[in-house]
Amino acid sequence: MDKRYEVRAAVRDEWEDAMALAWRSFKKFVAPDYSDMGVKEFSNFISDNGIYKMFLIGEYKLWVAVLDGEIVGMISIRAKRHISLLFVDDKHQRMGIGRDLINTATDYMKQNGETFATVNASPYGINFYHALGFKDTRSEYVDSGMRVTPMRLDFKK
C-alpha cells in the first residue's frame, strides 16, 4: 500500500483531537464489551488532567498518525514500556496504521533500554496484539468494569 500517512510525536495542540479519536473508537469497538462502569472509567481516564500534564512534561508519550491533516490513529505509552492507548479511526483500519504506531512506540522503548512492552488488551484488540507477537501474561480479568487481558512483547536481542 502507498503509505500516505505520517506517524510522528504529537504536539500540544493535538492532545484533544487524539483523545476525541480515542473516545470515538472506544465507543464503537470497545465499549460494547464493557459495563457502564468500565465505559465511565475509560472516559474519566482520557479526560484526566493528570495524564495531560504528564504528556506536557514528557512522561506520557503520544504519537499520532496523520493523513491529509487529520489524526487517524494514536498510541500512547506510560511507565516507559506500557501501551496505554492505541486507536485507529474506523475508516482507516487495516491499512497498517496500528502496526506502524506499535513499531514507533516499541522503537522508542528499545532506544531507551527497554527489553519488552506491555499492554492490557481489550477483547476487541486481542487478535491484533497476538498477530504482532504479544503473548498473554494472564487470563482476562475485569478492572473497574473494563475487561482486559494483560500481554507482553519481548524485543528480539
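Tabulated values for the structure
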read-out	value
Some residue of segment 140-148 being farther than 21 Å from PHE29 by Cβ and either not small (Gly, Ala, Ser) or not in a loop (DSSP other than H, G, I, E, B) (or both)	no
Strands (runs of 3 or more DSSP E) enclosed by segment 63-133 - at least 2 residues per element that are more than 19 Å from GLU16 (Cβ to Cβ) and in contact (Cβ under 8 Å) with a residue 24 or more places away in the chain	82-88, 116-121
Filtered residue count, segment 106-145, keeping only those that are closer than 18 Å to PRO32 by Cα, loosely packed, with under 14 Cβ neighbours inside 10 Å and under 16 Å from the mean Cα position of the chain (by Cα)	1
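FYI, it's all coordinate maths here, none of it is from the lab. Every value quoted in this text rests on a predicted model; they were computed, and no experiment measured them. Counting neighbours? That spans all protein chains shown, and the Cβs are built from the backbone with ideal geometry, glycine included.
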